[in-house]
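Notes follow once the structure below has been shown.
The values are calculated or read from the model by the stated rules, or taken from the named source; none is laboratory data. Note that this is a predicted model, so its numbers are computed, not measured. Note that we place each Cβ from the backbone using ideal geometry, even for glycine, and neighbour counts take in every protein chain shown.
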Amino acid sequence: MRSNLQSGYALALLLWMITGMSLMVTAVIHFARDDIGLSELRINEAKSRALARGLGYLVSRDMALREFESSRRGIENEQGGSPDNRADGGDGIAEKESVGPFEYRFESVLGAVFIRPASAFVSLNNASEEELFTTLVALGQAEPGDAIGMMQGIIDYRNQVSPVTREMTDFRGYRFKEELLTTVGMTRSVYDRVKDFVHVYRTMGLNSSVAPPELASIFTGERGGAGSTRAVNNGGNSELSTKASVPLGAGPVSFDAIYERRLVARNPEVDVKAITVELAFDNGFRSRYLVWMSGSGGAVLRAERLSPAQREAT
């Protein structure tokens, strides 16, 4: 009887050990899968960043080649006695301020690229009060009263000058968009909503006709048609002063206004390009990057991943 009882205990202990080992193996497999999934995510993110920068160079090269071919065809047509009356050599590229999307395939990754000028986004360093206010309210979802304080904080930050401190004498305003978080009145929630639509490069004003859909919808909607916010500075009615923007022909003419306009026109930042890269991996991973390229396309100024909430935007 005792032998049967001991055998039962031994069998029960053996089953318990087998069950425990099974649970342990299951847990190890579960955590291993999590680690593998996390590793795969990190690898895909690293690939995405490298591919986004590479596609920035690649599409800049391809656009330069297309423009060269268009110019060459135009010259050949003129020499052959059949000049093309189109200023862009018949291709239409020169007249377009935004082009794309272009598709590139790299083994298991499909990339879609869209090119826009820097003027398609809001410049933190010389956008008008109206552009800043509208962006903060419509995209940032800030209350109008709070938006006015944030707008004034942005203008005060970029215009600060100290005659005592040498470093502040050459202060050029925002160097990185993250500096918005240190601006008086700015909140993290508003920053997270507007950060994908602002930059630190100086432009001649926001051109809503080539802006991303989110920006184009709020600015063209106010004006009843596509176009640039420059039209507002040239006679539009606004409750906000546009004195913070670069004068483009409206208001009293002064030496300071003419000088500032010429400085901006000669600034290489005017030709900065914003290249949106959408990457689709065969394993289902998706990512979107905004790559800022120099006007010549020879240098990546900044590559930033767009917020997940904006991934479906075109």
Exactly one of F171, F106 is aromatic (F, W, Y), surrounded by fewer than 22 Cβ atoms within 10 Å (Cβ to Cβ) and under 22 Å from L55 (Cβ atoms), and that one is F106
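Restricting the search to the range 193-221, which residues are acidic (D, E) and either in contact with a Ser or Thr (Cβ under 7 Å, 6 or more places away or on another chain) or assigned to a loop (DSSP other than H, G, I, E, B) (or both)? Quick ask: steps written out before the conclusion?
Here is the first cut: in the range 193-221, the residues acidic (D, E) are 196, 214.
Listed by number, the list holds a single entry, D196.
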The correct count of residues that are touching a residue at least 40 places away in the same chain (Cβ under 8 Å), closer than 14 Å to W292 by Cα, out of contact with any Lys or Arg (no Cβ under 8 Å at 6 or more places or on another chain) and of a type outside the set (V, I, T) in the range 53-64 is 5
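Filter the range 90-106 down to the residues that are assigned to a loop (DSSP other than H, G, I, E, B) and either among the aliphatic types (A, V, I, L, M) or touching a helix residue (DSSP H, G or I) at 6+ places or on another chain (Cβ under 7 Å) (or both), then identify the one that is modelled with the highest pLDDT. Reasoning before the result, please.
Initially, the range 90-106 is screened for residues assigned to a loop (DSSP other than H, G, I, E, B), giving 90-98.
Subset that is either among the aliphatic types (A, V, I, L, M) or touching a helix residue (DSSP H, G or I) at 6+ places or on another chain (Cβ under 7 Å) (or both): 90-91, 93-94, 97-98.
Numbers: G90: 40, D91: 38, I93: 35, A94: 36, E97: 64, S98: 70.
Applying the filter and picking the extreme gives S98.
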Among the residues of the range 216-224, are any basic (K, R), at pLDDT below 75, out of contact with any Asp or Glu (no Cβ under 9 Å at 6 or more places or on another chain) and on the phi < 0 side of the Ramachandran plot? yes
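Of all residues in the range 173-192, which are part of a helix (DSSP H, G or I) and in contact with a helix residue (DSSP H, G or I) (Cβ under 9 Å, 6 or more places away or on another chain)?
Let us first name the residues in the range 173-192 that are part of a helix (DSSP H, G or I), namely 177-182, 188-192.
Residues satisfying the conditions are K177, E178, E179, L180, L181, T182, R188, V190, Y191, D192.
Does A10 satisfy the criteria of being modelled with pLDDT of 70 or more and over 33 Å from the mean Cα position of the chain (by Cα)? Let's see the steps before the verdict.
Numbers: modelled with pLDDT of 70 or more: yes; over 33 Å from the mean Cα position of the chain (by Cα): yes.
Yes; evaluated as a whole, the condition is true for this residue.
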Among (1) in a helix (DSSP H, G or I); (2) closer than 20 Å to S287 by Cα, I115 falls short only on (1)
Flagged pairs (Cβ under 7 angstrom, 6 or more apart or on separate chains; first in the range 198-221, within 22 Å of R175 (Cβ to Cβ) and touching a residue at least 60 places away in the same chain (Cβ under 8 Å); second buried (at least 24 other Cβ atoms within 10 Å of the Cβ) and charged (D, E, K, R)) are L206/E131
Among the residues of the range 118-163, the number that are over 16 Å from A211 (Cα atoms), assigned to a helix (DSSP H, G or I) and of a type in the set (G, A, S) is 4
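Might you check whether a residue that is buried (at least 16 other Cβ atoms within 10 Å of the Cβ), within 18 Å of A120 (Cα to Cα) and either more than 20 Å from the chain's Cα centre (by Cα) or modelled with pLDDT under 90 (or both) occurs anywhere in the range 249-266? Quick ask: steps written out before the conclusion?
Step one: of the range 249-266, the residues buried (at least 16 other Cβ atoms within 10 Å of the Cβ) are 250, 257, 264.
After this cut, where a residue has to be within 18 Å of A120 (Cα to Cα) as well, the list is 264.
Imposing the further condition that a residue be either more than 20 Å from the chain's Cα centre (by Cα) or modelled with pLDDT under 90 (or both) reduces the set to 264.
Yes, the range 249-266 contains a residue that is buried (at least 16 other Cβ atoms within 10 Å of the Cβ), within 18 Å of A120 (Cα to Cα) and either more than 20 Å from the chain's Cα centre (by Cα) or modelled with pLDDT under 90 (or both).
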